[in-house]
1. Quickly run through region 60-76 and pick out the residues that are hydrophobic (A, V, I, L, M, F, W, C), closer than 30 Å to GLN8 by Cβ and open to solvent by less than 60 Å² (accessible area, probe 1.4 Å).
2. Given the conditions (1) more than 16 Å from the chain's Cα centre (by Cα); (2) within 17 Å of THR73 (Cβ to Cβ); (3) aliphatic (A, V, I, L, M), which single one is not true for ILE33?
3. Where residues in region 1-18 are open to solvent by 80 Å² or more (accessible area, probe 1.4 Å) and in a loop (DSSP other than H, G, I, E, B), which of them is modelled with the highest pLDDT?
4. Based on this model, can you work out whether VAL79 counts as assigned to a helix (DSSP H, G or I), surrounded by 11 or more Cβ atoms within 10 Å (Cβ to Cβ) and either within 14 Å of the chain's Cα centre (by Cα) or at pLDDT 85 or above (or both)?
5. Could you list, in sequence order, all residues of region 26-41 that are crowded, with 16+ Cβ neighbours inside 10 Å and in a strand (DSSP E or B)?
Amino acid sequence: VDKHVGAQAPAWVLLEATGSEVTVSIRDEGPGIPDGRLAAARDEGRLGVVGSIVGRLTDLGGAATLETGPHGTEWELAVPLAAMGP
């Protein structure tokens with residue numbers, strides 16, 4: 001959040017464990033990610049979000065969801081407990 005939105009933006013991190021998965025939610029009150037920005041980064045070969053976040057979670061059987069707009073940005077990252085080992 002500090003790098004992409006600025007230190008002035010409030011941010012929250014929530015960690016939640018259920019019987020089957022662990023979910024991390026990261027939310028800020030920044031300006032949101034501009035429409036098309038993530039697709040443009042992917043098309044430019046910059047795979048930070050697509051490869052590092054979404055790809056790794058998908059490989060583990062998890063998911064990454066994004067909600068963004070003028071209200072801010074929220075990522076929800078979920079991983080099945082089975083993927084985390086014993």
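The values are calculated or read from the model by the stated rules, or taken from the named source; none is laboratory data. Nothing here was measured: the structure is a model prediction, and the numbers come from that model. Please note: Cβ atoms are built from the backbone with ideal geometry, for glycine as well, and neighbour counts cover all protein chains shown. The accessibility values were calculated without ligands, DNA or RNA, using every heavy atom of the protein model including side chains. Shrake-Rupley method; radii C 1.70, N 1.55, O 1.52, S 1.80 Å.
1. Listed by number, the residues that qualify are ALA64, TRP75.
2. Of the numbered conditions (1) more than 16 Å from the chain's Cα centre (by Cα); (2) within 17 Å of THR73 (Cβ to Cβ); (3) aliphatic (A, V, I, L, M), the odd one out for ILE33 is (1).
3. Among those residues, the one meeting the criterion is GLN8.
4. Here the answer is no, as VAL79 does not meet what is asked.
5. Those that are crowded, with 16+ Cβ neighbours inside 10 Å and in a strand (DSSP E or B): ARG27, ASP28.
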